[in-house]
Amino acid sequence: MTTIENPTAAGSGTAATDKFKGAKFTAETTPERLSAIATEAFAGFSALIQKHAITYPEYRVLKQWLIDVGEGGEWPLLLDVFVEHDIEEVNSRQLEGTKGSIEGPYYVPGAPVLPARCTLPMRDEDRAHPALVLRGQVTDLRSNGLGGAVIELWHADDEGFYSQFAPHLPEWNLRGTVVTDSDGRYEITTIQPAPYQIPTDGPTGQFIEAAGWHPWRPAHLHLRVTFPDKQPIITQLYFAGGEWIDDDVASATKPELLLDPQLDEQGRKVVDYDFKLDPALY
Ligand SMILES: [Fe+2]
């Protein structure tokens, strides 16, 4: 039997930060817009300080904690858990297609390319769990199939661990880049992931514990669906009735994103889900 070593916050934080730092991001923000946003942000801090009469000890603890978040590589984790859901919501208001959700810190590009009907790379231990079959069609808003659309799927294993962030897992475990058939259809066999706690041994976890909150996310699949000249969908699919669905630490669940798999005669959990893509916005 394999001994499972929990990935540490430091390990997964460093990996998430290193992967993020590798890209060079830019944004077209004018000085006026930056000034307006920054002014309101500091006004918000000012109001909080006045309202709660923040003490000097609290202020020093905050400074130390912010330093720890950076040194622990946990900015991607902290921001994606507590902030990204609002960014996602304002950026998808004008879209009509499949609902998006947060990307989170565990996406890795370049997973093995797989055909429309495929099984994600997995270990024998993963294979011992009932198969989950996710199948459906990628279409435009008028339900025309988008042949050759790409579905990137990544998710945790039955113990809540992600490959490339948990050292005991093979590099591409439960990750794949699936190309739909000529009608945009796909059928992916994998396993159902478990709910997981975001890492609790680093500064984000210390904060959650100190505030008396919980660190759990409901079980979910992460997906990124792309097609030329269409707006990419980055989303997550959840399981109806699952634990933490109504109390996700990352506030990232939506009723439109719930799956309700049914057992087939082979004991597989089978569920259909179609993705509708909007025209590209930018
Ligand atoms: Fe996740």
Pairs with Cβ under 6 Å, 6+ apart, first in the stretch 10-35 and closer than 17 Å to Leu79 by Cα and charged (D, E, K, R), second at pLDDT below 80 and surrounded by 10 or more Cβ atoms within 10 Å (Cβ to Cβ)
none
For the stretch 159-175 the number of residues that are surrounded by fewer than 21 Cβ atoms within 10 Å (Cβ to Cβ), under 22 Å from Asp260 (Cα atoms) and either modelled with pLDDT of 95 or more or hydroxyl-bearing (Ser, Thr, Tyr) (or both) is 0
Test: Ile245 is at negative phi, within 16 Å of the ligand (Cβ to nearest atom) and assigned to a loop (DSSP other than H, G, I, E, B):
yes
How many residues, within the stretch 92-118, are over 12 Å from Leu174 (Cα atoms), aliphatic (A, V, I, L, M) and within 16 Å of the ligand (Cβ to nearest atom)?
1
Asp158 is checked against (1) within 16 Å of the ligand (Cβ to nearest atom); (2) within 23 Å of Lys19 (Cβ to Cβ) and fails just one. What number does that condition carry?
(2)
Restricting the first residue to the stretch 245-274 and requiring it to be in contact (Cβ under 8 Å) with a residue 60 or more places away in the chain and farther than 22 Å from Glu84 by Cβ, which pairs with a second residue that is among the polar types (S, T, N, Q) and surrounded by 15 or more Cβ atoms within 10 Å (Cβ to Cβ) meet a Cβ separation below 8 Å and a spacing of at least six or different chains?
Pro261/Gln192; Arg268/Thr189; Lys269/Gln192; Asp274/Thr98; Asp274/Gln137; Asp274/Thr139
Quick one: Ala116 ticks every box in (1) within 30 Å of Glu265 (Cα to Cα); (2) buried (at least 17 other Cβ atoms within 10 Å of the Cβ); (3) under 21 Å from the mean Cα position of the chain (by Cα) bar one, so which box is it?
(3)
Can you tell which of Asp140, Asp183, Asp201 is under 27 Å from Asp68 (Cα atoms), away from the ligand (no atom under 16 Å from the Cβ), out of contact with any Asp or Glu (no Cβ under 6 Å at 6 or more places or on another chain) and of a type in the set (Asp, Glu)?
Asp201
Picked from the stretch 208-225 (must be away from the ligand (no atom under 11 Å from the Cβ) and out of contact with any Ser or Thr (no Cβ under 9 Å at 6 or more places or on another chain)), the residue nearest to Gly110 (Cα to Cα) is Trp216
Whichever residue in the stretch 53-83 is in a helix (DSSP H, G or I) and hydroxyl-bearing (Ser, Thr, Tyr) and, among such residues, is farthest from Gly11 (Cα to Cα):
Tyr56
When the residues of the stretch 119-134 are filtered to those that are more than 16 Å from the ligand (Cβ to nearest atom) and of a type in the set (A, V, I, L, M), which remaining residue is farthest from the chain's Cα centre (by Cα)?
Ala128
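The values are calculated or read from the model by the stated rules, or taken from the named source; none is laboratory data. Every value quoted in this text rests on a predicted model; they were computed, and no experiment measured them. Using ideal geometry, Cβ is built from the backbone for each residue, glycine included, and neighbour counts are taken over all protein chains shown.
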